[in-house]
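Working notes, beginning with the structure itself.
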Amino acid sequence: MASFSRPTEITHSDSLLQLDYEGFTVWLDCARRGAVKFRYNAQHDTGSAKRYDQFFLDPQVPAACQQTNTQAYGHNYDRGHLVPANHLDASASAIKATNTLTNKFCCVSREIVVFGKLLRSTSTA
């Protein structure tokens, strides 16, 4: 289980949870066990904190609102970051928080490549 230097701030609104992590916010739909919205401000990349290679359940978020496990999906499905880890690598705590399963989405493996290219093109514009 992951531990963070800063606790996740959680705001409840109907079946949605607003999760305020260091550097980004995710809105989680408990009925869907996944994110429906996210927000962060892209900045100049000035950090070099190491990216974690494991995904974590957030111990402060109710288990009924999160994905059921941390294992890979398989069958040509993959996990993608909503908020990219590299965009928050100026802080070891923030980059670790990007690996919570609350900041992941399931997609066909190719979609991650397309989504990543889209993010890079909009953050450099």
| message | Given R₀ = 22 Å, what would the calculated FRET efficiency be for PHE105 paired with GLN43, taking r from the Cβ atoms and rounding to 0.05? | response | 0.45
| Sorted by Cβ density within 10 Å, fewest first, the residues LYS96, LYS37 | LYS37, LYS96
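Every number here is computed from the coordinates shown, using simple stated rules; none is lab data. Please read these numbers as outputs of a predicted model, since none were measured by experiment. Using ideal geometry, Cβ is built from the backbone for each residue, glycine included, and neighbour counts are taken over all protein chains shown.
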